[in-house]
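The values are calculated or read from the model by the stated rules, or taken from the named source; none is laboratory data. Note that the structure is predicted; figures quoted are calculated from it, not measured. Cβ placement follows ideal geometry from the backbone for every residue including glycine, while neighbour counts extend to all protein chains displayed.
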Amino acid sequence: MENKFVMFFWDFMTKDWFAFWPITVCMVWTAYVVFERFTYYQKNRRDVSAFIHALQRDLESNRLQNAQANCGRLGGVIGEVAEEGVRLMAEQKEDFSKAFDITVNLVTRKLEKNLPVLGTVGATCPFIGLFGTVVGVVFTLDQLGVGGGGTPVVVTGVAKALIATGYGLIVAILAVIFNNTYTNTVKRFNDDFLLLKLLFLSFVSSESVHSR
């Protein structure tokens, strides 16, 4: 059984190259994006619970320089957004919300980089595989009409043709799984950004009330 599958796959590689190579390119592309995004997210992952409390104490004491220093030490995209938020609090209190949203949107672009690739692969690979299967079935029926043959010839030909669909589906399923996983990861980062924004807004509004 294993030898037959290897033989079928080899035939798919050599004869149905028009489907094999596009799917293989998509697979390599998917593997690159999965690894690159995993490395990026791991490098920027932070536990913000303790950081938020420390930042809140610094803001309550109006120690903005100390708050910026703590943000820099935290690092990652969360530290970057928090540090920019502290700076905006000091310089742009009136337009803080809009300016902070711009910062978050710019960072979100970094977090979402290459994710559309996974979505595109997940949507197109099954159709590329299906195209390979259709062409394989057409060739099988053509050979059957020219040289004759019975049910075993048809079954074997269809089985070989279905390798293309299976290959495309495997790559597409992996792309969709990781796309959904990483989209949820970006959402968790955005939840942290929203938490920071609410914290900053509470102090911006309180300072506005005190200054009246």
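Tabulated values for the structure
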| quantity | calculated |
| --- | --- |
| Any hit, the stretch 135-146, residues being more than 18 Å from the chain's Cα centre (by Cα) and modelled with pLDDT of 90 or more | no |
| Any chance residue 51 is in contact (Cβ under 8 Å) with a residue 60 or more places away in the chain and more than 24 Å from the chain's Cα centre (by Cα) | no |
| Looking only at the stretch 74-131, and only at residues there that are more than 30 Å from residue 23 (Cβ to Cβ), among the acidic types (Asp, Glu) and in a loop (DSSP other than H, G, I, E, B), the one that is modelled with the lowest pLDDT | 94 |
| Selection status of residue 54, surrounded by fewer than 19 Cβ atoms within 10 Å (Cβ to Cβ), small (Gly, Ala, Ser) and farther than 15 Å from residue 192 by Cβ | no |
| Index of the failed condition, residue 31 passing every other in (1) touching a residue at least 24 places away in the same chain (Cβ under 8 Å); (2) more than 18 Å from residue 200 (Cα to Cα) | (1) |
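A quick yes/no check of all residues on (1) within 30 Å of residue 27 (Cβ to Cβ); (2) loosely packed, with under 15 Cβ neighbours inside 10 Å; (3) not acidic (Asp, Glu):
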position: 75; (1), (2), (3): no, yes, yes
position: 92; (1), (2), (3): no, yes, yes
position: 96; (1), (2), (3): no, no, yes
position: 108; (1), (2), (3): yes, no, yes
